[in-house]
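The values are calculated or read from the model by the stated rules, or taken from the named source; none is laboratory data. None of these values were measured; they are calculated from a predicted model. Every residue, glycine as well, gets a Cβ built from its backbone with ideal geometry; the counts of neighbours run over all protein chains shown.
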């Protein structure tokens, strides 16, 4: 019993050290965006793709992955869709987006673009910046995506920025709806909402949000269940970010995504997000 208690104590100490000291240091030194929340369960840094079944798989990328879009040169066909970061707040434009978007278009890979929402910036201006930078969404593209996260950001210079933590929940909820409606108006597409379970249950409680497809960010669990889906979506999900530490091309800093259906279902889903005149 004493030995077991020592093992458990050592485990909790290591766990505390990683999330309190080591992870913030890594994020600070390399300028990564890191959530203060722990992952939903213990991660697998070599998270393999499950059996095909009725799902198809993709990844989402940004400048943090550098030139990872080059995997298309050797591994085209392994993934059926790729989602790219386009903008953040009002001023930030992802430096790799234009190249990523161009390569994916040339390779006829189903692609999507997302905007990282900043609570400190006006929602309509964020929507305008996003759509202006991303450009036109074709009939074969995924609809535009709202990425909503509450977190602390550690920059390379040691600066810590807080996003949406401590904001007025009702005001943020109204602003998120303004952003979505503005994007919908500009693109004639029904946007997707990316959110984790915790934030979804806090900020997306109005049933108005249920008309927008859900990309659930519940990472590093083996099975997605109804308890992981914010209640307004009643167990329905479209995309699932299954892992943020997927090992791909000797790089374990990848996001592995699952679409809830086969390729035919994905094509059909895209068409349902096009607003007919």
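Any residue that is without any contact (Cβ under 8 Å) to a residue 40 or more places away in the chain and surrounded by fewer than 16 Cβ atoms within 10 Å (Cβ to Cβ) - is there at least one of those in the range 146-156?
Going through the range 146-156, the residues without any contact (Cβ under 8 Å) to a residue 40 or more places away in the chain turn out to be none.
Checking the range 146-156: not a single residue is without any contact (Cβ under 8 Å) to a residue 40 or more places away in the chain and surrounded by fewer than 16 Cβ atoms within 10 Å (Cβ to Cβ).
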* To do: For residue 111, state whether it is more than 19 Å from residue 198 (Cα to Cα), touching a residue at least 12 places away in the same chain (Cβ under 8 Å) and over 19 Å from the mean Cα position of the chain (by Cα).
  => no
* Checking residue 200 against (1) outside any strand (DSSP E or B); (2) within 17 Å of residue 85 (Cα to Cα); (3) in contact (Cβ under 8 Å) with a residue 12 or more places away in the chain, which test does it fail? -> (2)
* To do: Please determine, by comparing only the residues of the range 188-203 that are over 16 Å from the mean Cα position of the chain (by Cα) and closer than 20 Å to residue 257 by Cβ, which one is surrounded by the most Cβ atoms within 10 Å (Cβ to Cβ).
  => 189
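Where residues in the range 90-117 are assigned to a loop (DSSP other than H, G, I, E, B) and modelled with pLDDT of 95 or more, which of them is nearest to residue 132 (Cα to Cα)?
Pass one, the range 90-117, residues assigned to a loop (DSSP other than H, G, I, E, B): 90-91, 94-96, 107-109, 117.
Okay, now just the ones that are also modelled with pLDDT of 95 or more, so 90, 117.
Working: 90: 11, 117: 15 Å.
Per the stated criteria, the residue is 90.
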